[in-house]
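Before any comments, here is the structure.
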Amino acid sequence: MGLILSAAAVQAAQRFPPPQFETDYQMPTLTTPPPRAAVWELVDVGVLAAALGLAAWLIFRKRSRHGIAALSIFSLLYFGFWRKGCICSVGSLGNVVLSLFDSSYVLPLTAAAFFLLPILFALFFGRVFCGAVCPLGAIQDWVVFRPLAVPAWLETTFRLGAWLYLAAAVLFAAVGAGLLICRYDPFIAFFRLGFNTPLWLLGLLFLGLGVFIARPYCRFVCPYGLLLRQAGRLSFWHVRITPDECIQCRLCEDACPFGAIQPPTAPWPESMRPAERRRLVFLSGLLLVLMGLGGWLGYRVHAGLAAGHPTVELARQVRLRQAGLMTEPTDTVRAFEVSGRTLQSLWNQEAAVFQRFAWGGIAAGIFVGFVAGVKLIQMSIHFKRTDYEADRAGCLACGRCFAFCPRQRIWEAGKQTGSGEKQ
Amino acid sequence: MNPPPSELLSRRRFLKDGLWTVSLAAAGAAVAALASRSRAKEWVWQIDPYKCIGCGRCATHCVLSESAVKCVHAFEMCGYCDLCTGYFSPDPKALQTGAEHQLCPTGAIRRRFIEEPYFEFTIDESRCIGCGKCVVGCAAFGNGSLFLQIRHDRCLNCNECAIGRVCPSEAIVRVPASSPYLLKVRNP
């Protein structure tokens, strides 16, 4: 027991001189197996780019749900089970933020590519990444058995949770408190086939929920999906339900398990314009109020959030120890005591962390307030639609709606006879 | 904004725009490479042995069910002691290789007689669970030649190391993949 107690420091002095061997003893050398060769990282990026290209081709050119489904299985197997879910585009958000705020961390090319490629593709083709390439999406896509319709207002409200999660993940990565998205990746335990009870439960929860609420992580949690939503809005081409023209047959109305099909809008009476304009002015004012409120709330909770930072936790434990409330030092306190760091340096570091959390909390709060305000404005603006259209932000490019469109059947039949004629 | 369907489905149009996209993606990748100040490198996780206190969490918190952390032995630091405090449990009844005398819970350390009075100690990695008991024992009364390292033939290189999150001494750090070990040396 005495040995264990006195062994607080494992950095012992070298007590014994090197032996002088008289026999021809050869001292073994310490082996250092290298990490995975860098070329494999490039292979991953290549597979990602190829999968994104294939997804765009399948959804726009082939209009094939079967193709998309097959590609999503491949992505699940490759990025999920083979690469064990790391690195992924969703998590790379954390790396990008970290590299912006921590000068000692240079963003690896792989992380940069995984972050940028899906966004670039979304700028052109919409969210083809979500539909067929993301392993987190793919695993949920296979449990969509009884999707229930979620009212649009509820969907938008719940999505505010994802914006909050995005703000928190960026804040934590920026202040160096860890990568939340990776830490709470609900499917990582499946991908690694390792046993971590809380994560297994989280994964099962999302999959169980996903039976009724299609792809709950993608719609209400995924922070990277929010970026792709915005890119999808701007995208050059959009997934179209019909291959040529919409005949307003209403057959696709309930086709989308994600509620991303928007029906044609009713004509808007001209007489309501002044009232609408007044409401818009009011909501613009409210936007500013919400931003202010968000900033204030962010400042109010920053101390609580900072408790998640390891330095703050260490300082808390050291303070307990100083006050005599901790009789047996924890490993954390023990590590601090043997590290030779002074108390003053710890207090200074703690203060610096609080400072960063204060500013970060204000910024994150303003951001979430801004998002909430813009959402209100968005909901009160009337967009004109004459056809059934896929929502540019919400469409996950899975291709499920194609089979519901009678024009698709005609198009497919025409394609077959067309190729037959060529032969 | 939306091209008419006939145009959307024309192969030439698709190819042309596809090529355009590819070139834009290449440009984007170039921008990303430049943005990372053209010294982009891959990172891997490693234990700084001079910060490690041998708390034992490496054995239990790795996402792998058999931890990627193993004990390694810097032979040039080793005193080749007969009474190795990294090998024997405190106050061993006899200096013998019986399990009851050993500190290692899995018997992963091999003790071999070299010449009077020296014994060589090697780690059988297939048995080591990375608990660090021997690391603490060796450092307490020996030269501290046993220490823990993340073995990169096992490590999955998670974006956030699960052990690093719970490491009490924040000893798990990112190191460049080109020099992926932080080894102890005599007279650092």
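The values are calculated or read from the model by the stated rules, or taken from the named source; none is laboratory data. What you see is a predicted model; the values in this text were computed from it and never measured. Cβ sites come from the backbone with ideal geometry, for glycine too, and all protein chains shown count toward neighbours. Ligands, DNA and RNA are stripped out before the accessible areas are found, and what is left, the full protein with its side chains, is counted by its heavy atoms. Shrake-Rupley method; radii C 1.70, N 1.55, O 1.52, S 1.80 Å.
Values for this structure:
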{"quantity": "Any hit, the stretch A:393-406, residues being part of a helix (DSSP H, G or I) and open to solvent by 60 Å² or more (accessible area, probe 1.4 Å)", "calculated": "yes"}
{"quantity": "Condition check for A:L209: within 12 Å of chain B (Cβ to nearest Cβ), out of contact with any Gly (no Cβ under 9 Å at 6 or more places or on another chain) and part of a helix (DSSP H, G or I)", "calculated": "no"}
{"quantity": "Subset tally (residues that are over 17 Å from A:P33 (Cβ atoms) and more than 11 Å from chain A (Cβ to nearest Cβ)) for the stretch B:111-126", "calculated": "1"}
{"quantity": "Selection count, the stretch B:58-82, where residues are under 30 Å from A:L199 (Cα atoms) and aliphatic (A, V, I, L, M)", "calculated": "5"}
{"quantity": "Which numbered condition A:T197 misses (of (1) open to solvent by less than 20 Å² (accessible area, probe 1.4 Å); (2) within 14 Å of chain B (Cβ to nearest Cβ))", "calculated": "(1)"}
{"quantity": "Extreme residue, farthest from the chain's Cα centre (by Cα), among residues of the stretch A:220-230 that are open to solvent by 10 Å² or more (accessible area, probe 1.4 Å) and at pLDDT below 95", "calculated": "A:Q230"}
{"quantity": "Filter result (more than 7 Å from chain A (Cβ to nearest Cβ), at negative phi and of a type outside the set (V, I, T)) within the stretch B:175-188", "calculated": "B:P176, B:S178, B:S179, B:L182, B:K184, B:P188"}
{"quantity": "Residue count for the stretch A:117-127, restricted to those that are surrounded by fewer than 22 Cβ atoms within 10 Å (Cβ to Cβ) and under 15 Å from the mean Cα position of the chain (by Cα)", "calculated": "1"}
{"quantity": "Among (1) at the interface with chain A (Cβ under 8 Å from one of its Cβ atoms); (2) open to solvent by 40 Å² or more (accessible area, probe 1.4 Å); (3) farther than 30 Å from A:P17 by Cβ, the one test that B:C158 misses", "calculated": "(2)"}
{"quantity": "Members of the stretch A:73-90 that are touching a residue at least 12 places away in the same chain (Cβ under 8 Å), in a helix (DSSP H, G or I) and not small (G, A, S)", "calculated": "A:I73, A:F74, A:L76, A:Y78, A:F79, A:F81, A:V90"}
{"quantity": "Residues of the stretch B:106-131 that turn out to be more than 22 Å from A:D24 (Cα to Cα) and either basic (K, R) or not assigned by TED's automatic domain parsing to the domain that holds B:Y87 (or both), as a count", "calculated": "1"}
{"quantity": "Flag if A:F124 is touching a residue at least 12 places away in the same chain (Cβ under 8 Å), closer than 19 Å to A:V239 by Cα, within 11 Å of chain B (Cβ to nearest Cβ) and not in a loop (DSSP other than H, G, I, E, B)", "calculated": "yes"}
{"quantity": "Lone unmet requirement of (1) over 30 Å from A:A111 (Cα atoms); (2) within 14 Å of the chain's Cα centre (by Cα); (3) open to solvent by less than 10 Å² (accessible area, probe 1.4 Å) for B:L148", "calculated": "(1)"}
{"quantity": "Selection within the stretch A:286-307 - under 14 Å from A:A177 (Cα atoms) and open to solvent by 40 Å² or more (accessible area, probe 1.4 Å)", "calculated": "A:A303, A:G304, A:L305, A:A307"}
{"quantity": "Selection count, the stretch A:231-285, where residues are within 14 Å of chain B (Cβ to nearest Cβ), in a loop (DSSP other than H, G, I, E, B) and open to solvent by less than 30 Å² (accessible area, probe 1.4 Å)", "calculated": "7"}
{"quantity": "Pair list, Cβ under 6 Å, 6 or more apart: the stretch B:129-143 residue more than 7 Å from chain A (Cβ to nearest Cβ) and over 16 Å from B:D91 (Cβ atoms), other residue open to solvent by less than 20 Å² (accessible area, probe 1.4 Å) and basic (K, R)", "calculated": "B:G130/B:K70"}
{"quantity": "Single residue of the stretch B:52-95 satisfying the filter (under 23 Å from A:R15 (Cα atoms) and of a type in the set (S, T, N, Q)) that is surrounded by the fewest Cβ atoms within 10 Å (Cβ to Cβ)", "calculated": "B:S89"}
{"quantity": "Positions within the stretch A:37-52 being open to solvent by less than 70 Å² (accessible area, probe 1.4 Å) and either more than 23 Å from the chain's Cα centre (by Cα) or facing chain B (nearest Cβ under 8 Å) (or both), in sequence order", "calculated": "A:A37, A:A38, A:E41, A:A49"}
{"quantity": "Test: residue in the stretch A:84-91 that is in the same structural domain as A:F190 (by TED's automatic domain parsing), more than 23 Å from B:A25 (Cβ to Cβ) and either modelled with pLDDT of 95 or more or small (G, A, S) (or both)", "calculated": "yes"}
{"quantity": "Residue satisfying all of: in the stretch A:62-116; over 18 Å from the mean Cα position of the chain (by Cα) and charged (D, E, K, R); nearest to A:V175 (Cα to Cα) among these", "calculated": "A:D102"}
{"quantity": "Flag for B:L146 being in contact with a helix residue (DSSP H, G or I) (Cβ under 7 Å, 6 or more places away or on another chain) and more than 7 Å from chain A (Cβ to nearest Cβ)", "calculated": "yes"}
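Let's see how each residue does on (1) part of a helix (DSSP H, G or I); (2) at pLDDT 90 or above:
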| site | (1), (2) |
| --- | --- |
| B:G28 | yes, no |
| B:V31 | yes, no |
| B:K41 | no, no |
| B:W45 | no, yes |
| B:C58 | yes, yes |
| B:L64 | no, no |
| B:G86 | no, yes |
| B:K93 | no, no |
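For (1) part of a helix (DSSP H, G or I); (2) open to solvent by 30 Å² or more (accessible area, probe 1.4 Å), each residue gets a yes or a no:
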{"position": "A:Q14", "(1), (2)": "no, yes"}
{"position": "A:Q26", "(1), (2)": "no, yes"}
{"position": "A:P35", "(1), (2)": "no, no"}
{"position": "A:F60", "(1), (2)": "yes, no"}
{"position": "A:L71", "(1), (2)": "yes, no"}
{"position": "A:V96", "(1), (2)": "yes, no"}
